[in-house]
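**Q** Pasting a structure here, questions to come.
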Amino acid sequence: MKRLYKIAFGLSWAMLLASCHKYEALEFQVAKPASFAAQEQIDAYQPLKTYIDRTANPKFKFGAGTSLQSYLSKGIIYRLTNSNFDEITLGYEMKHGAVVQADGSLALTNVKNLLETASKAGITVFGHTLAWHANQNATYLKGLIAPVVTPSSSGPTWDLVIGADFETDNASVYQSNTNAVASFTAAGEGFNGTGRALKISNSAVRTNDYDAQLFLKFPAVAVGEKYELKMNVRSDVAASYPTQAHTTPGAYKFYDFFGAISSTPTWTTYTKEITVTADIATSGALAFNLGKTATNFYFDNITLKKYNPLGGTTIVEKTAEQKKTILTAALDTWIKGIVTASKDYVKAWDVVNEPMDDAKPAELKTAAGRTSIAADEFFWQDYLGKDYALKAFQLARQYGNTTDIHFINDYNLEYSIDKCKGLIDYVKYLEGKGAKIDGIGTQMHIVATSDKAKIEEMFKLLAATGKLIKISELDMGFTGNVKTAQATPEQYAAQSEMYKYVIKKYFELIPAAQRYGITIWAPQDSPATSSWRAGEPIGLWTEGFVRKPAYVGTAEGLKNK
């Protein structure tokens with residue numbers, strides 16, 4: 001039954017009757033707005049963690065993602081967190097990028113203050129994270145394995161990148177496609193009648209100039225670098241042919257690289273200098289498009305040189321083995337420092353985070369083949385190999401408490417079942433090499449309409465491992481990245497239902513002994529300025545700390561009835 005507001009209006013009878021008459025009140029009953037009534041129902045719920053059956057789930061932890069400063073300030077976030085959750089996970093401040101300084105030292109004062117503050121409030125802290133590719137002090141790590149540079153006092157030089165005089169059959173720096181038939185001239189038919197030259201025969205005029213191509217191969221170029229291409233060219237008939245930029249031979253990137261080349265039956269020298277632009281950056285092959293002229297093309301004394309403003313500076317690259325040794329020591333220093341400083345308070349760690357590749361879910365992520373790498377990304381696995389995670393687990397066990405709980409964690413496991421299986425297989429591989437892995441975390445950054453069948457399948461696969469299972473970063477938006485201002489009541493209702501569904505399915509499908517807990521990654525809706533799901537209504541509370549329908553869905557899920 002709706003409550004009624006009573007509104008009394010005093011009417012002055014003095015204006016209607018004699019002044020000796022008393023005032024009387026007339027009562028009107030107005031129905032409370034539906035939105036007020038609905039919010040009262042939401043606000044009537046108890047703090048979330050009170051709905052957990054602690055008898056059936058004595059070790060279960062209901063957690064929240066938070067930032068260090070918002071918790072340490074002991075404001076609303078601090079009080080809301082302590083009232084509703086058992087555990088917190090810091091979004092950034094316990095990661096390599098936040099702790100490791102430019103000189104390799106570890107800044108741990110803020111972390112220690114956070115741990116002590118949470119402990120006094122009866123809140124545990126989940127360690128996040130020890131080995132990851134993102135949020136790293138990549139500048140420091142790259143500096144450790146950078147080449148040894150010995151400066152020179154000489155002026156700038158043009159350093160040879162590749163060269164080919166075709167006096168041997170070594171074809172490591174060039175190749176051609178089917179229509180561009182490669183051979184060599186006789187000795188004495190090269191440039192100036194000396195040695196031999198490369199001969200490329202195109203027997204017919206092709207539909208496209210790129211149907212007959214000769215490729216030069218070299219290390220990928222970068223924006224701002226300067227290069228000089230120089231070579232001797234001729235053809236049986238006059239011809240003109242363009243050059244293209246390719247990342248690898250046949251993998252087209254841009255229509256122009258070193259300009260268009262003209263050749264005649266007489267040997268000429270072609271020279272072209274360029275400065276690498278964004279259009280051609282990362283290219284590692286130069287294509288000569290020969291398909292528009294049916295003739296024989298001749299190339300001799302090809303050189304590609306790179307401008308070196310430092311002149312005779314000596315640059316010595318570290319070997320792969322040297323890099324592995326250096327970075328293994330750096331990983332040891334990092335894990336030893338953060339784990340040792342935290343071990344009195346932190347009893348569970350996200351040791352290895354997001355190892356599996358999205359496109360190849362049975363393989364590890366890698367920087368190889370990426371067109372861009374963020375400034376804070378560093379892929380340990382590219383230097384330490386597949387066993388980088390093995391080393392991380394061993395170090396965490398070495399420096400932590402003997403009873404610490406160690407997780408491997410990844411995202412999209414409910415979206416890509418193949419990725420879920422790939423992660424499980426990687427766990428088996430690591431354990432076969434001697435790692436002790438206690439649990440698997442599934443992040444679950446989902447939408448209100450995520451595939452429920454896949455969510456169930458994921459939980460079943462994870463449960464079958466016998467490991468502790470944690471929903472490590474649960475939050476939920478809407479398909480199409482709907483922003484808070486555009487979200488509808490129907491969408492909020494669907495969000496509430498999905499929160500309830502996910503949590504109930506966790507309790508239903510994960511055996512009691514394997515339930516580590518669930519962490520709500522974004523208790524509040526995300527601000528428009530956030531780096532994470534910016535401006536999306538993903539939380540259980542609004543930005544102004546008003547409970548949402550999602551709060552109800554979460555509470556009902558935790559009831560586990």
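No value in this document is a laboratory result; all are computed from the given coordinates. Note that the coordinates shown come from a computational prediction; the quantities given were computed from them, not determined experimentally. Counting neighbours? That spans all protein chains shown, and the Cβs are built from the backbone with ideal geometry, glycine included.
**Q** Residues being within 17 Å of Gly284 (Cβ to Cβ), in a loop (DSSP other than H, G, I, E, B) and free of Cβ contacts under 8 Å to residues at least 40 places away in the same chain: count how many of those fall in region 168-225.
**A** Here the count works out to 1.
**Q** Let me ask you something else. Enumerate the pairs (first residue in region 344-364 and in contact (Cβ under 8 Å) with a residue 40 or more places away in the chain; second residue anywhere and assigned to a loop (DSSP other than H, G, I, E, B) and of a type in the set (Ser, Thr, Tyr)) with beta-carbon separation below 6 Å, excluding pairs fewer than 6 apart on the same chain, so at least 6 apart or on different chains.
**A** Pairs that qualify, where the first residue is in contact (Cβ under 8 Å) with a residue 40 or more places away in the chain and the partner is assigned to a loop (DSSP other than H, G, I, E, B) and of a type in the set (Ser, Thr, Tyr), are Pro361/Ser416.
**Q** Additional query: Hey, any hits in region 350-362 for a residue that's under 23 Å from Gly63 (Cβ atoms) and among the acidic types (Asp, Glu)?
**A** yes
**Q** Looking only at residues in region 451-474 that are out of contact with any helix residue (DSSP H, G or I) (no Cβ under 8 Å at 6 or more places or on another chain) and assigned to a loop (DSSP other than H, G, I, E, B), which one is farthest from Phe60 (Cα to Cα)?
**A** Asp451
**Q** Given the residues Asn179, Asn208, Asn192, which is the only one that is in contact with a helix residue (DSSP H, G or I) (Cβ under 7 Å, 6 or more places away or on another chain) and surrounded by fewer than 18 Cβ atoms within 10 Å (Cβ to Cβ)?
**A** Sole residue among the options that is in contact with a helix residue (DSSP H, G or I) (Cβ under 7 Å, 6 or more places away or on another chain) and surrounded by fewer than 18 Cβ atoms within 10 Å (Cβ to Cβ): Asn179.
**Q** So which of Lys142, Lys120, Lys112, Lys217 is within 30 Å of Tyr255 (Cβ to Cβ) and basic (Lys, Arg)?
**A** The match here is Lys217.
Here's the yes/no breakdown for (1) surrounded by fewer than 19 Cβ atoms within 10 Å (Cβ to Cβ); (2) touching an Asp or Glu at 6+ places or on another chain (Cβ under 9 Å); (3) in contact (Cβ under 8 Å) with a residue 60 or more places away in the chain:
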| site | (1), (2), (3) |
| --- | --- |
| Phe379 | no, no, yes |
| Gly385 | yes, no, yes |
| Ala389 | no, no, yes |
| Ala392 | no, no, yes |
| Thr402 | yes, no, no |
| Phe407 | no, yes, yes |
| Asp410 | no, yes, no |
| Leu413 | no, no, no |
| Asp418 | yes, no, no |
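**Q** Could you list, in sequence order, the residues of region 387-442 that are of a type outside the set (S, T, N, Q), in a helix (DSSP H, G or I) and closer than 12 Å to Val352 by Cα?
**A** Passing the criteria: Tyr388, Ala389, Leu390, Lys391, Ala392, Phe393, Leu395, Ala396, Leu423, Tyr426, Val427, Leu430.
**Q** Residues in region 540-561 that are in a loop (DSSP other than H, G, I, E, B) and closer than 16 Å to Asp43 by Cβ: how many? Let's see the steps before the verdict.
**A** If we filter region 540-561 for residues that are in a loop (DSSP other than H, G, I, E, B), which is where we start, we get 540, 542-546, 548, 560-561.
Right, trim to closer than 16 Å to Asp43 by Cβ and you get 540, 542, 544-546, 548.
Looking only at that region, the number is 6.
**Q** Please go through region 275-309 and give me each residue that is hydrophobic (A, V, I, L, M, F, W, C) and buried (at least 18 other Cβ atoms within 10 Å of the Cβ), ordered by number. Even if it seems obvious, please write down each step before you answer.
**A** Keep residues of region 275-309 that are hydrophobic (A, V, I, L, M, F, W, C), which gives 276, 278, 280-281, 285-288, 290, 294, 297, 299, 302, 304.
Hits for region 275-309 are Val276, Ile280, Ala281, Ala285, Leu286, Ala287, Phe288, Leu290, Phe297, Phe299, Ile302, Leu304.
**Q** Only one of these is within 18 Å of Ser70 (Cβ to Cβ), touching a residue at least 60 places away in the same chain (Cβ under 8 Å), of a type in the set (A, V, I, L, M) and buried (at least 21 other Cβ atoms within 10 Å of the Cβ): Ala522, Ala550. Name it.
**A** Selected residue: Ala522, the only one of Ala522, Ala550 that is within 18 Å of Ser70 (Cβ to Cβ), touching a residue at least 60 places away in the same chain (Cβ under 8 Å), of a type in the set (A, V, I, L, M) and buried (at least 21 other Cβ atoms within 10 Å of the Cβ).
**Q** In region 233-266, what residues are in contact (Cβ under 8 Å) with a residue 40 or more places away in the chain, among the small types (Gly, Ala, Ser) and buried (at least 18 other Cβ atoms within 10 Å of the Cβ)?
**A** Those that are in contact (Cβ under 8 Å) with a residue 40 or more places away in the chain, among the small types (Gly, Ala, Ser) and buried (at least 18 other Cβ atoms within 10 Å of the Cβ): Ser235, Ala239, Ala245.
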